[in-house]
Amino acid sequence: MNDGILFYWFMWIGWVVTTFLFEKNQFRNTVIFILLPGIILSGYDISFSLGTINAAFAYFLIIGLVHVIRSTGELLYYLAVSFIIAVSYVMLQIFALYDPAKLFIDKKYLLIIFLAAMLFLILKRNIDLFYVPLIGIFIGDSLYQLLILRLTGYLEIGSMFVLDLLASTTMILFCMVILVDMFKKLRRVSYKKVNPAKPI
């Protein structure tokens, strides 16, 4: 599968669903504001002396930082979680680089599953699941690119591979949040049915 396909599929699906199926409110406008510029900017790269950085990747980093800055009371917590995600990303990438024979599944899918599971277990609020990965994966990819700079000769921060990873992880987290909420509602309904009637 070519890099970038998952990113564009999930981003367009998210934009279409949000635009045409969600009620018009602040949440809908925020999601549209995040998704559509991300799709547009993904085709552009920002050049600097050592290489390039994808414009959409930089845009997503800014979105994540704005969310973290708004929650100033938990700044240390967000930094710790972002650092954990970044280190996990780097370690998996280095392991796949030096010993790919030990990976039973494709590196991309392994990273997606591992990061989604870790984020879902670590983060406390559902809204953080969609902002913290923007920072953690950016830091992780930047560190990884710096580590392999001698091998590649240039930095490519935010390649289509990484955007695939980011979009897929976010989509899995979104589905997990919906499933958890659905199970909670079913549990409440079943509890009300089982609850005995009040005595007269």
### Query
In this structure, does GLN93 turn out to be under 17 Å from the mean Cα position of the chain (by Cα) and either among the polar types (S, T, N, Q) or not in a helix (DSSP H, G or I) (or both)?
yes
### Query
Can you tell me which residue in the stretch 134-158 is modelled with the lowest pLDDT, limited to those that are over 20 Å from ALA80 (Cβ atoms) and hydrophobic (A, V, I, L, M, F, W, C)?
LEU151
## Note on the structure
Counting only residues in the stretch 96-140 that are open to solvent by 50 Å² or more (accessible area, probe 1.4 Å) and of a type in the set (Val, Ile, Thr), the one farthest from the chain's Cα centre (by Cα) is identified as ILE105
#### Entry: Cross-chain or 6+ apart pairs with Cβ under 9 Å, the stretch 141-157 first and farther than 9 Å from GLY51 by Cβ and open to solvent by 20 Å² or more (accessible area, probe 1.4 Å), then part of a loop (DSSP other than H, G, I, E, B) and among the hydrophobic types (A, V, I, L, M, F, W, C)
LEU146/LEU50
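The values are calculated or read from the model by the stated rules, or taken from the named source; none is laboratory data. Remember, predicted model here, so these are calculated numbers, not experimental data. In this analysis, Cβ positions are derived from the backbone assuming ideal geometry, glycine residues included, and neighbour counts consider all displayed protein chains. Side chains included, ligands, DNA and RNA excluded: accessible areas come from the protein's heavy atoms. Shrake-Rupley method; radii C 1.70, N 1.55, O 1.52, S 1.80 Å.
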